[in-house]
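Worksheet for the structure shown next.
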Amino acid sequence: MKRAFDPAALTGQVTFVTGPEKNCGKTSFLLAALAAWRQARAEAGRSWPLALLTVGYDGEVRDWLSGQRKPGAPLQVGDYYITVERFLRAGGCCPEIVALVPGSGALGRCCIARATRPGLAALVGPEGNAGLGAAIAWLRAELAGCTILVDGAINRITQLAAVPDARLAYVLRLDRAGLNRAVERLQRLALLLQLPAAPAGETALALEAAADQAGAAIADQASADPALYSLADALTSESLQRLPAACRRLVVEDFTKIFLTAAELRAGLAGRQLYSRAAIECVALVAVTRGVDDDEVARRLPDPFIQQRLLFNPYRLAEPLTGDR
């Protein structure tokens with residue numbers, strides 16, 4: 001049975017919607033999820049605050065690179081969003097600036113604005129993770145219980161690490177030609193999202209990511225477990241090769257710091273256990289199918305973790321939200 005989308009999962013949370021490629025459907029999913037959340041809010045008679053953000057630039061009429069038409073970001077009175085000053089007058093929402101975001105980008109200084117009329121917005125977000133984290137921290141501090149949706153950058157899951165307790169909705173396009181690769185991507189992501197927490201109360205040997213010598217470690221050998229290592233930087237094919245033979249357990253900051261393919265994970269970590277210091281929750285794995293039957297995709301992804309989060313095609317969120325479909 002196909003799972004129905006639960007808009008309550010967004011309420012009071014910071015949710016990043018991201019995907020591995022351009023035009024994979026992430027903005028369509030974000031807008032469909034937003035519409036479902038608004039409907040649930042109206043039915044509950046609640047006025048929870050909302051903020052829309054992006055990493056980079058979004059909400060323009062046409063994509064700057066491909067020229068394809070893009071959906072705008074719809075705003076209602078009282079919604080908050082981030083853009084640059086030069087775009088404040090576009091969209092008709094008559095915004096008021098409530099705060100400035102640290103730093104600036106190619107399009108100018110970013111600001112947090114509040115819509116005073118319904119309209120559309122061109123979202124422009126901070127270019128760096130630090131600016132993004134500061135903007136979301138302000139929204140959380142000033143707007144109790146704010147629901148924050150972020151149209152994430154393409155193939156840049158590392159942005160999640162800039163925001164404590166951020167959640168992930170991952171959108172992937174599946175067609176017949178790339179089906180095997182897409183299935184492997186989802187399996188790899190599910191594996192990383194399920195990494196166990198780092199062992200508590202144990203001392204790990206600290207590996208330098210850019211050590212001059214293979215397997216160089218900094219720790220008190222007397223107090224550390226000789227089989228447990230901690231990597232402060234990214235886990236890549238290069239750092240994987242530097243792992244000492246004695247390493248049987250490896251701790252990374254979080255799964256966004258792992259830059260290994262599924263094959264590299266299987267080969268390089270054979271006989272080793274990988275841990276994560278910080279867990280990131282995934283609320284949805286969204287499959288945008290083209291020429292592939294949904295049931296075939298579901299059969300090829302039997303992992304219960306995936307099955308519990310798997311959604312198909314964002315436009316279907318316009319259908320009734322209760323019951324299986």
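The values are calculated or read from the model by the stated rules, or taken from the named source; none is laboratory data. What you are looking at is a predicted structure, and each value in this text was computed from that prediction instead of being measured. When we count neighbours, we look across all protein chains shown, and the Cβ atoms used for this are built from the backbone with ideal geometry, even at glycine.
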**Report entry** Looking only at region 1-40, and only at residues there that are among the basic types (Lys, Arg) and surrounded by fewer than 21 Cβ atoms within 10 Å (Cβ to Cβ), the one that is modelled with the highest pLDDT
**Finding:** Arg38
Query - Residue within region 151-163 that is in a helix (DSSP H, G or I), among the polar types (S, T, N, Q) and touching a residue at least 60 places away in the same chain (Cβ under 8 Å) present - result: yes
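How do the helices (runs of 4 or more DSSP H) wholly within region 241-319 filter down when requiring 2 or more residues that are under 27 Å from Gln159 (Cα atoms): which remain?
Details: elements: 262-268, 294-299, 304-307.
Once the helices (runs of 4 or more DSSP H) in region 241-319 are filtered for at least 2 residues that are under 27 Å from Gln159 (Cα atoms), what remains is 262-268, 304-307.
Answer yes or no: is there a residue in region 131-141 that is among the basic types (Lys, Arg) and either more than 19 Å from Gln159 (Cα to Cα) or not in a helix (DSSP H, G or I) (or both). Spell out the reasoning first.
Of region 131-141, the ones among the basic types (Lys, Arg) are 140.
Subsequent filtering for residues that are either more than 19 Å from Gln159 (Cα to Cα) or not in a helix (DSSP H, G or I) (or both) retains none.
Looking through region 131-141, none of the residues is among the basic types (Lys, Arg) and either more than 19 Å from Gln159 (Cα to Cα) or not in a helix (DSSP H, G or I) (or both).
Yes or no, residue by residue, for (1) modelled with pLDDT of 90 or more; (2) surrounded by 15 or more Cβ atoms within 10 Å (Cβ to Cβ); (3) over 27 Å from Gln13 (Cα atoms); (4) not charged (D, E, K, R):
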| site | (1), (2), (3), (4) |
| --- | --- |
| Pro226 | no, no, yes, yes |
| Ser230 | no, yes, yes, yes |
| Ser237 | no, no, yes, yes |
| Arg300 | yes, yes, yes, no |
| Phe305 | yes, yes, no, yes |
| Arg309 | yes, yes, no, no |
Requested in this report: Give me a count of the residues in region 173-194 that are in a helix (DSSP H, G or I), touching a residue at least 40 places away in the same chain (Cβ under 8 Å), more than 16 Å from Val283 (Cβ to Cβ) and out of contact with any strand residue (DSSP E or B) (no Cβ under 7 Å at 6 or more places or on another chain).
Outcome: 6
